[in-house]
Every structure is written in C-alpha cells, then in structure tokens.
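The values are calculated or read from the model by the stated rules, or taken from the named source; none is laboratory data. None of the values given here were measured: they were computed from a predicted structure. Because the Cβ atoms are built from the backbone with ideal geometry, glycine has one as well, and the counts that use them run over all protein chains shown.
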Amino acid sequence: IFKFVYNAAFAIIVGTLFLRLPDTTAGAFTRGGLLFFALLFNSLTAQAEIPKSITGREVVYKHKAFAMYHPAALSLAQTVVDIPFMVLQILVFSCILYFATGLERTAGHFFTFVLYLFVGCLCLTAFFRLVGNISPNVDIAHTLSGICLLFMILLVGYLQPPKSMHPWFKWIYWINPLAYGFKALMCNEFRSLRLECTGANLIPGGTGFADISNQVCTLQGARSGQSYVLGRDYLADGYEFYVDDQWIDFVAVVCFWIFFVAAIAAVMEFIEFGNTGYSINVFKRRRPKVDAYTEETIGNATDKEVAMYKNIPPTGPTDEQILAGTTFTWKDIDYTVPVKGGERQLLNAVSGYIKPGTMTALMGSSGAGKTTLLDALSQRKTIGKLEGEMLMNGAPQPRSFRRITGYCEQLDVHNPHATVRESLRFSAALRQPDTVPESEKMEYVERVIYLLGLSDIADCLIGDPDSGEGISLEERKRLTIGVELVSKPKILFLDEPTSGLDAQASYKIVHFMRRLAESGQTILCTIHQPSAMLFEQFDRLLLLVRGGHTVYFGDLGHDAQTLVRYFERNGAAPCAPTANPAEYILDVVGSKTSQVDWPQVWRDSPERDQTMAEIGRINELQRSGGNDHGSADDDKVYARSYMFQTKLVMRRMFVMYWRNTEYNLTRLALQVMCALIVGFTFYRLNDGAVDLQNKVFAIFECSVLSILVINQVQPEFLRQRQYYGRETSTNQYGWRAFAAAIILTEWPFSFVTNTVFFACFYWTVGLNSITDRVGYFYISYIILGLFSLTLGQAIASFSPNDIIAAMFNPIFTAMIILFCGVTIPYQQMPKFWRRWMYWLSPYHYYVEGVITNDLHGSEIKCRQNEFFVFSPPDGKTCNEYAGDWVSSAIGYLNNPNATESCEYCSYKVGDEFYTSLSWSFNHRWRNIGILLGFIVFNVVFTVVMIRIYKVNKR
C-alpha cells in the first residue's frame, strides 16, 4: 500500500511539474528529461530490494539446511509475485504521469510506454536483488549498487549522447539495461512527433526575419528550410537512437531481466555468507595492561563478593539479611494495551515478591505474560496502562530504578566493534555513581570479568554471530549479564537467559546465577520449560497462564515437592517420580481437557493469603527496620553529567566507527570510484559550447552522488540506534548524548571522503583552475556532503528499519533533484512549483553556486561542429543580416564578413548560459549560507526524532 501511495504521489508531482509539455523544440530536451526521471525514479525505488535480500538471508539458510526447499525456488517465487504488484504499480504511476504531461495521446503510444516501463522496472528490481544476494553485508551492497547505478545514469545516453562518450566507457553503454529502457521510451515517444521550431530556437529571430530559408532551428535534427524538426530526426542526430530499433531495445531489457533472475537463483542456491557453524575470535591489537584478578587477589573484596567466589550454600534470607539486601514486592498488577475496538488485559492482579539471596523463576506457557510482567516490573513498558503497587525496600521505585537494577534481555544486543572489556567498562563508567572513583570502577570490572570466566576473551571483539566472527552465543549471554553486573545492581531481572543455548551452556548460565544469588543478589528470571537440573536451582516460582492470571506463587521445596503437592492437592493428576516438575506443571495448567479453573483455585487458596501477608510483612519490616537504603543518588535518572555522557559516548562511537573498516572503506571506495567514473566520463572539458553543457552535467552528477551517500549512512545510523535503545533503557546516557555523538562522529569521516572525491574529480574534469574558484567548489562540495549525510540520518531517524528508509529515499532525493533547475529550468516550471518548491530544493543552491563559480567570466569558443549555420539573403554579409540581432541576443557570429554559411555560436561567455537559468554569480556565498541552514534543519530534525522516537516499544 505504501508503495502505491508514494508512486501515485510522485506521479502527481512530476506530472504537474512537466504539465502539458509543448510539441515544440523548446520542450524536446525536457520531454526526454521526463522519460529519464520516470525510469530513474523506479530504479531508485528498486534499491529497496537490497536490504530485503540481506535481512531475510539467515532464514533462507536455515530452511535450506532443513531441506525444506531450494533457495532457487524462492527466488523464482519472488519474481512471480513481483509481476502482479508491479503491473498495478506501473499502471497507477503511468495513468497519472502520462496524461498530465501531454505525452503522445494514442493507445499504442500509451500501452507501449506502460510495457517498456514495466519491463524496465522488473529488470532493475532483479538487478538490485542480485546485488543484495552477492554482497556479504549491506555496506558492501550499497557501495556496489551505488557504483553500478552511477554508471547506469551516466551512460544511459541522456546527459551524454553515445556519440560523445569516451571509448573507455562506451562499452558499458552497450551492457546497460537502463540505457536500452531509455532508448525504447524515447523512440516510442518521439517516433511520430513533429516539433515546431519557435522562439529562441529559431535564429535569427524576431521582427524582420520572416524568411525560413534564411533561418535555422537550433535543435539537433533540423533541416535547412524547415520550421520544424521531426522527432525521429532529433533522436538520430542528437542521440543516435533509431525508432526502428525500439523493439530490439525492448527484447534486450527482457534478456537482461532473464539473466538477472537466473543469476539470483544460482547465487541463492550455491553461495552462503556469514556463520558457518562456528565463530572465530578477533582480538584487539593493543591490549590494555590490567592486573590479573584471581582467587588470591580478593582479600580486599567485601564479604558479599567473597561469597560469590567461594560458592557458599544458600541458607535462606533472615530478617537481617533482608534488611541488608534489596527486596521488591508487587501487588495486584494489571496491565492493559489498546487494541482495535477497545483494550486487552495482559496482566490480571499479579502479586509477588523477591528477596535477597534467592532466585525466583517466572514461568508460563507462550502468551501467558512472562516477559510482559518482567517489563512491567522493571519499568520497561512504554505503551498501555499499568496499575498496581510496586515497592522496592518498602518504598516507591526511585527515579534511578532502571539504572540501579539490571535487566538482561533475551536478545543479546552488543556493539560488535567493541571488546568485552570495553563494553563492561563503558557500562560501569556510566551507571555507577560519580562518587565512586574511576579506578575503583575499573577494578570492579576486572573482578566481574574473572567471575564470568571471560578473562581469556576480555580483549576480543564481540563481533556478529551471523558473520562467524566474534565470541560465541554462550559467551555473549555471559557478557549480557556482566554488562548489568558491573553497575552493581540491587535487583537483577533476566529474560530467557538460556534461550538459544545447548544444555551445557544453559547449565553454566543458571549455575552462575545461583552463585550470584548465594552472594545476596536479588534475582527474578523468566525461563521456558527448564530441565529438572536447571529447575532445582531456583528457590521460588511465579506461574502464569494465558490472560496474565497467577496460578501459583511460592517456594519450590526440595525436588519441587512443595509445588507438586499444591497441584496434586487441588485436583491435578499425580506427578510421576521420574517426571520433570517444570514440564508437569506446564502440562497441568495448559491442558485443554482439565476441568479445574487454576486461576480461581489460586485466588481461593491459603498460599495466596500467605503471599499477600508476606508482602505486607516485608514492606513493614523495611519501613520499620531503621536501615535507610536510599541515597541522594536515587533521585538522579543518570549517574553522570551530560558532558561526561557526551564525551564518553562520542569517544566510544568514534572508536567503533574507526574499527568498522567495511563501512569506512566502502564509503571511501564509493567516493573514489564515483569521482573517477564521472571525471573520466567528462574528461578534460574545454571551452566549447558542448563542453559547457557537459560541465553542468558533471556538476549535476555530484549531486546525484549524494543519493548514494544517503543510502550508505542509514544502515549504520539504524544499527547505532539499536544499541542506544538497549543502553538508554538502563539510563546509561540520555538522548542528547546519543544525538550529539551519532551526528558529530560522522563529520570527520565525511570530510576525509569528500576531500578525496574533490581531489580525484576536479582537475580530471578540467573545471576552472583559478584559486578562489577551486576553493569555493571545495567548500561547496564539503557542505553538500554534510547535507547528504544529515539528510540520510534525518530520514533514518523516523524510519523503523532500513527497508522503510530505503523506500522513503527516492521520494526525498527525487524531489530535491527535480527542482534544482537543471533537468527543467526555472522559467519552464509551472508557477505553482516555481514559487516555492524551487526555492526549497537544497540542490538548487549547490548547483547554482558551483556552476556560476565555474562559468563566470569564461570565454566560450565553439568547435566547428558546434556552430549553427544559416544563410544570409543575397548580397548581404552575415553581420549585415544578423548583426543587430546578435548584439541584442547572446552568442556570437564566427564569420561576420561571410556572405554565406553564417556560423553562429550559442554562447560568447559562460555567464550567458546561467543567466538564462535565472542564476547569478553574486549568489554564491548566499547559497553557501542557505545550504548550511538546511544542514542545521536536518540536524535539529534528527535530534527531535531521536528524542521522541521509541526504539523499543513495549
């Protein structure tokens, strides 16, 4: 639906911009621009296939491993499914665009246009899907697609006709599917057109020049003595396109599509990227010097920490231990969420408590509300209505609750470019109070590393489990727990800590949790169908059923006998001696044939009365115990100041970016390749009239390159936002620190890559070599790069994922390119768009500034084949016949004293070219200021969206 809506919206915008194109020579180039943009927009839209191809890759590999189907079959199925949706998409787009712009209104022309556009879109969709499938990650995919797209646009035959292409790139034109699609569309439109030569296109013009035999039309394809140009002649002379070849071009596009589809099937069938079943540890080159922490060095530790290491058996918390530790109680917790037509209750009057030195399991069938309750108790819920009483140490939860408690999520979200030690140090530095010396925090990190058994991999990069590089899944689980432990949490919440692990790894994690509990830690943990060995590690159980109803809360007892006796006493079948108590109770409460209303049984049971009484006793004990658990730090949402947060987050992010070589090298490679491609496509331009146009197109391509920059920065922004979502949920740092870091960290890298582009591009094309002109172009391009960077981040800031961001990109980029004044000049725009959208296009200010900067004061000298030739009346020289007209117009006569074949050059100086576009050299520095204003707007918008966008909606 989203695709249909924005396709229709874009068709309306383009259709009204190119509204009712005239059938004259004045609209010939603009008509070609319309067809080019129709094809280009669908090409940019097809780029959304890249993240789709990479995102679902792991699922395909898993299905292939299970021999469910051949991946090649999936690729063919995707292609078949594309067809009906794309037919509707192209029909909607074409019906609006075609008739609004006044293209040839015959059934044959229209349906041929639809067919060519449909096949071209199919072909490009398959091409970008192939790029995604042959790329190991999204960074390489965007770089590869960007280089290919730039080649396609440059060598499509519109900005530079095939006859003007240099031989070292012209061969690419013949293997460019976009070029064949564009040729077919142009031939279909121009094959029967007759373009009347009017206005400035007929020279000499004005009063006194009525004899067509002494005039010439300035459009390529003009014939002497004709006041019109045939469309087929315009294509043949200007582009070397021949209308008789249009169906050959159509077949070529179809062949490309078939080739791409076959290549996708082969790649998906035989090539796999990422994890091969094992992981490789990658260590940091320079490891920090730290003191090894062993059993012999714990003499200065507190009794609580010693107990961690010595594995003291649990004796159960006494009142003194309760007062010394942290208790947490919840009473009558109700939670409802809005749904269509009303509300749905997910938790229903849930009550319970956790004490120091104990492990409480939270269990239930799928959909019972385990994670929902854990999120509610740990203050992670961002939507819905939460009611009930939650008290920590007998008092309401302080503002610092999320920071002083630990929450280990089910998914282990870590920055892959950080080491284990760096992740732990980062958490400790931001979550422990600033009253604790940094040296003490770092020492505690080393203790946790030893405790977790992570000493051997402390300086190993965390990596990505899908890539096969980095620490193992079980080590990631331990790291997740460690990130919370280094904050010295008063309560530890864990959501499915054993998910995705084998039996041995699961036992290690649960046994470690047991050791934490024995040291006095308060633990609440959701767990799904544990083995009997794991289940017996817990002290207490809270059991839920669908609807968020409690069916049991209390001690497990030895071998879970207390739990089993409760259910047997209330009507459940006896538990077999060899049965797993955890599976037994889940079967009992989940049985569809059971006649027992277990939630009602619990509500009527003495065990519930005991639970409510114990909740009251614990809270009263805390209030009357005289031990003040609170501190001034409890009222602080964040432990550290904003400046410290920003400094630490920015330093960490810069290091992570520096280590992300794939991201940086692909960005640099894209800039270098694009600079060389554009530079050698428009190699060493001189002062001719055609080269003047080519300079404009070369500079215009720099703005097109910014589209590729937008595509590149978004995946990294979204990855960093994912890490921010986890870290901000524990109040490590605020949105201001993240916004400053994610925006400013990119700028040095952008400066370097744009400088490299400038060095490779500027002198290769042969732009103005005057020092101040060189400096202005450099400054402008650096600012354009920053604008593209900030625009990409702004779009990503309101997008939930990179697929949605990739779908938004064509709308924004096409809009600002369309209205920059190159493809359709300011004077030819309809008044509606000319009055506001032209002035809102940032590229207009960039293009105007750099083009006037380059052309101002430059003398134009037409080559021999660039002159327009007309014949004066008998007995008159060229100057006598057209001298007055030339003096009031632009351009010059090359042979004013000749009596035949007058040679007229369209421009005398570069200023004459850009003056006709309503541009001015005096606007250069004003335009720089306006571009900076657009950057400020992008930055402010990004910051606002970071502030209001909920990364993890729960």
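Kindly provide the set of residues from the stretch 759-778 that are in contact with a helix residue (DSSP H, G or I) (Cβ under 7 Å, 6 or more places away or on another chain) and in contact (Cβ under 8 Å) with a residue 40 or more places away in the chain, ordered by number.
If the condition is that a residue be in contact with a helix residue (DSSP H, G or I) (Cβ under 7 Å, 6 or more places away or on another chain) and in contact (Cβ under 8 Å) with a residue 40 or more places away in the chain, then Cys760, Phe761, Thr764, Val765, Leu767, Asn768, Arg773, Tyr776, Phe777 are the ones that fit.
Name the helices (runs of 4 or more DSSP H) wholly within the stretch 789-851 that hold at least 1 residues that are in contact with a Gly (Cβ under 7 Å, 6 or more places away or on another chain) and surrounded by fewer than 22 Cβ atoms within 10 Å (Cβ to Cβ)?
837-840
Among (1) in a loop (DSSP other than H, G, I, E, B); (2) closer than 12 Å to Pro204 by Cβ; (3) of a type outside the set (Ser, Thr, Tyr); (4) touching a strand residue (DSSP E or B) at 6+ places or on another chain (Cβ under 8 Å), which single condition is Pro873 missing?
That leaves (4) as the condition not met.
For Glu583, which of the numbered conditions (1) at pLDDT below 90; (2) surrounded by fewer than 21 Cβ atoms within 10 Å (Cβ to Cβ); (3) under 29 Å from Pro606 (Cβ atoms) fails to hold?
Among (1) at pLDDT below 90; (2) surrounded by fewer than 21 Cβ atoms within 10 Å (Cβ to Cβ); (3) under 29 Å from Pro606 (Cβ atoms), the lone unmet condition for Glu583 is (1).
One line per residue, one yes/no per condition, for (1) closer than 22 Å to Ala26 by Cβ; (2) touching a Leu at 6+ places or on another chain (Cβ under 8 Å); (3) not assigned by TED's automatic domain parsing to the domain that holds Gly688:
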site	(1), (2), (3)
Trp839	no, no, no
Phe868	yes, no, yes
Asp874	no, no, yes
Val886	yes, yes, yes
Asn894	no, no, yes
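Can you name every one of the strands (runs of 3 or more DSSP E) wholly within the stretch 346-414 that holds 3 or more residues which are surrounded by fewer than 19 Cβ atoms within 10 Å (Cβ to Cβ) and either modelled with pLDDT of 90 or more or among the basic types (Lys, Arg) (or both)?
On the way: elements: 359-364, 385-392, 405-408.
The strands (runs of 3 or more DSSP E) meeting that bar are 385-392.
Can you tell me which condition Lys592 does not meet? The list is (1) within 23 Å of Leu377 (Cβ to Cβ); (2) assigned to a loop (DSSP other than H, G, I, E, B), and all the others hold.
Condition (1) is where Lys592 drops out.
Determine whether Pro577 is under 23 Å from His528 (Cα atoms) and assigned to a loop (DSSP other than H, G, I, E, B).
It is true that Pro577 is under 23 Å from His528 (Cα atoms) and assigned to a loop (DSSP other than H, G, I, E, B).
Regarding the stretch 503-518, can at least one residue be identified that is assigned to a loop (DSSP other than H, G, I, E, B) and either surrounded by fewer than 22 Cβ atoms within 10 Å (Cβ to Cβ) or acidic (Asp, Glu) (or both)?
Within the stretch 503-518 (the criterion being assigned to a loop (DSSP other than H, G, I, E, B) and either surrounded by fewer than 22 Cβ atoms within 10 Å (Cβ to Cβ) or acidic (Asp, Glu) (or both)), the answer is no, since none of the residues qualifies.
Only one residue in Gln722, Gln712 is at pLDDT below 90, part of a helix (DSSP H, G or I) and outside the structural domain of Ile147 (by TED's automatic domain parsing), so which one is that?
Selected residue: Gln712, the only one of Gln722, Gln712 that is at pLDDT below 90, part of a helix (DSSP H, G or I) and outside the structural domain of Ile147 (by TED's automatic domain parsing).
May I ask you to verify whether Arg726 is surrounded by fewer than 21 Cβ atoms within 10 Å (Cβ to Cβ) and without any contact (Cβ under 8 Å) to a residue 12 or more places away in the chain? Outline the logic, then answer.
Values: surrounded by fewer than 21 Cβ atoms within 10 Å (Cβ to Cβ): yes; without any contact (Cβ under 8 Å) to a residue 12 or more places away in the chain: no.
The answer is no for Arg726.
Restricting attention to the stretch 194-236, and to residues there that are over 23 Å from Gln828 (Cα atoms) and hydroxyl-bearing (Ser, Thr, Tyr), which single residue is surrounded by the fewest Cβ atoms within 10 Å (Cβ to Cβ)?
Checked the stretch 194-236; the qualifying residue surrounded by the fewest Cβ atoms within 10 Å (Cβ to Cβ) is Thr207.
The rows are residues; the columns are (1) of a type in the set (Lys, Arg); (2) in contact with a helix residue (DSSP H, G or I) (Cβ under 8 Å, 6 or more places away or on another chain); (3) free of Cβ contacts under 8 Å to residues at least 60 places away in the same chain.
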{"position": "Ile1", "(1), (2), (3)": "no, no, yes"}
{"position": "Ile12", "(1), (2), (3)": "no, yes, no"}
{"position": "Ala26", "(1), (2), (3)": "no, yes, no"}
{"position": "Leu34", "(1), (2), (3)": "no, yes, no"}
{"position": "Ser53", "(1), (2), (3)": "no, yes, no"}
{"position": "Lys62", "(1), (2), (3)": "yes, no, yes"}
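Matching residues to (1) over 16 Å from Pro204 (Cα atoms); (2) within 48 Å of the chain's Cα centre (by Cα); (3) free of Cβ contacts under 8 Å to residues at least 24 places away in the same chain:
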site: Pro830; (1), (2), (3): yes, yes, no
site: Arg834; (1), (2), (3): yes, yes, yes
site: Ile851; (1), (2), (3): yes, yes, no
site: Thr877; (1), (2), (3): no, no, yes
site: Tyr881; (1), (2), (3): no, no, no
site: Trp885; (1), (2), (3): no, no, no
